[in-house]
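Below is one structure; the comments refer to it alone.
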Amino acid sequence: MKTNSAENKSLFTGYSKKKLYCLAETYEELAKLYRGRQNAADMPADKASLDRKDILYRRELRETNQIFANHLEEISEAFLEVADTVVHVSRPVEHKRKALVQHLKKHGIQARELIFVEGGASRRISMEARSILRKEIPAEDLAGLLSVYFNRRLMPALDSAMLLGRGYDLFIFEDEPRFMVLSAMSRAVKEDEKISGDNFSVEEYSHNQMVAMISDGMGSGEQACHDSRSVIEFMEKFMEAGFSKEKALMMVNGALFSQNPGGNLTTLDICSIDLLSGEADFIKVGAAASFLKRGMHVEEIAADTLPLGSVEEINTMQLMVQLCNADMLIMVSDGVTDAFGEFGARRMQDIIAKTNYVNPKELSDYLLKCAIGCQGGHIRDDMTVLAMYINQSNDFAEAETKS
């Protein structure tokens, strides 16, 4: 494999980095501007010249400027983080490139502009390709040919074209995940309410990362639903834009706190699963305990943290667990654990340990039924149960066993 020249690399990343650095500096200058406005809002030496309304107004203005300044600095740091991400772009040596082009041509595929893109744990193969047959060719077929050629299990990326036609299109391939997650959700709405105050999300942000979230709005009904839905939607948009979940979390919290400090509090439970390594990363912000079931053993995953919007700068706690084949992950809103009484998390742990469900929908339905049963059939709060079954590819599992 031959690395691109410095000139080619600068064409690929230099301009983009410069734009990101410029944006970071712009947001930093805006932050300084708001801090300057904060100083301008300070109390004059002669406080007697101000009435009570003026004092309250200046205090509120100073706090608002402080929140905006912090928020803008978070955005600036996020742009710098993206700009400093190291991405290596390279091409195969010429004789190997020609051999691959000839290999694909024998199977009715014309390829050009083959490059390798590596950054962090991501290794991608990008190329322009088209069908030279009288029929279209699925991208999965091309992935299979490349897998054999490079001795790597490859699959089309989410942002890749999916069908080779007569014209050239861009195809991107990445390593096939070692793990697959099957998920299911069960919900119950609080009595006398028409809409749940809980919201959830299960999304793949690449073939190699899946993120599950549960947000519980304060109280119940439409306002609680609006608050929790807004949190989920903002987190999704920030992560789709390329921000880390930690940066996204800080910005969402800043937005909530600036709107109504200490009011309309919302919890957020995040589980991010790396489908290549099998690592599950939990971030809990005022959220209920989660559970990892492995055979008859059940581990509680909990953290004592404040909900979103309660303080200007939240302290998050990350919890990491290594997943194995046939593990079950269970995430719940606090209406579920509260239903089991004073020792709700411990009782749930015991109940989960005694189950033998491998179907996540059966498990989530069963836990919800148990929670409602513990309250005599009543539903005193919104409840959400999200169950996930971890399935490791047979080929990877066999390879690990042999090793």
Fill in: Heavy atoms of residue 250 accessible to a 1.4 Å probe, total area in Å² rounded to 10
60 Å²
Response to the item:
Put 71, 378 in order of accessible area, largest first, probe 1.4 Å, and you get 378, 71
Fill in: Nearest-10 value in Å² for the accessible area of residue 155, using the 1.4 Å probe
50 Å²
Item to complete: Can you tell me the relative contact order of the chain? Whole percent, Cα pairs under 8 Å, sequence separation 6 or more.
Response: 13 percent
Worksheet entry | Per-residue [θ]222 nm for the chain (sum of -39500 (n - 2.57) over DSSP H runs n ≥ 4, rounded to 500) | -13000 deg cm²/dmol
Worksheet item: If the convex hull of the alpha-carbon atoms of the chain is projected onto planes in all directions, what is the mean projected area in square nanometres?
Response: 26.7 nm²
Item to complete: With label points built 7 Å along Cα→Cβ from the Cα atoms of residue 353 and residue 169, find their separation and express it in nm.
Response: 5.2 nm
Response to the item:
In whole µm²/s, the translational diffusion coefficient that Stokes-Einstein assigns to the stretch 305-373, given a Kirkwood hydrodynamic radius over C-alpha pairs, 37 °C and 0.692 mPa s, equals 231 µm²/s
Discussion item. Just to check I understand the Karplus step: with θ = phi - 60° and J = 6.51 cos²θ - 1.76 cosθ + 1.60, what whole-Hz values come out for the stretch 321-336, glycine and proline as x?
Written reply: 10, 9, 8, 10, 4, 6, 5, 10, 10, 10, 10, 9, 7, 5, x, 6
Worksheet item: Farthest toward the dipole's positive end in the chain, which of 30, 158, 144, given Cβ charges of +1 (Lys, Arg) and -1 (Asp, Glu) about the Cα centre?
Response: 144
Discussion item. Spelling out what I want: for every residue of the stretch 378-389, take phi, set θ = phi - 60°, compute 6.51 cos²θ - 1.76 cosθ + 1.60 (Karplus), and round to whole Hz; glycine and proline get x.
Written reply: 8, 10, 8, 7, 4, 10, 9, 10, 10, 10, 9, 9
Worksheet item: If ligands, DNA and RNA are left out, what is the accessible area of residue 355 with a 1.4 Å probe, given in Å² to the nearest 10?
Response: 10 Å²
Item to complete: May I ask you to derive the relative contact order of the stretch 87-238, considering only C-alpha pairs under 8 Å and at least 6 residues apart, and to give it as an integer percent?
Response: 15 percent
Response to the item:
The ³J(HN,Hα) series, computed from each phi in the stretch 98-108 with the Karplus coefficients 6.51, -1.76 and 1.60 at θ = phi - 60°, rounded to the nearest Hz and given as x for glycine or proline, is 5, 5, 5, 4, 5, 4, 5, 5, 5, 9, x
Worksheet item: Expressed as a rounded percentage, what relative contact order does the stretch 257-370 have, with Cα pairs under 8 Å and six or more residues apart?
Response: 26 percent
Item to complete: Please go through the stretch 295-385 and write out the trypsin sites (Lys or Arg not before Pro) that DSSP classes as loop and that have at most 16 other C-beta atoms within 10 Å.
Response: 380
Fill in: Amide H contacts under 5 Å for residue 160, placed H, 5+ residues apart
172
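The values are calculated or read from the model by the stated rules, or taken from the named source; none is laboratory data. Just so it is clear, the structure is predicted and the values come from calculations on it, not from any experiment. Please note: Cβ atoms are built from the backbone with ideal geometry, for glycine as well, and neighbour counts cover all protein chains shown. Calculation scope for accessible area: heavy atoms of the full protein, side chains included, ligands and nucleic acids excluded. Shrake-Rupley method; radii C 1.70, N 1.55, O 1.52, S 1.80 Å.
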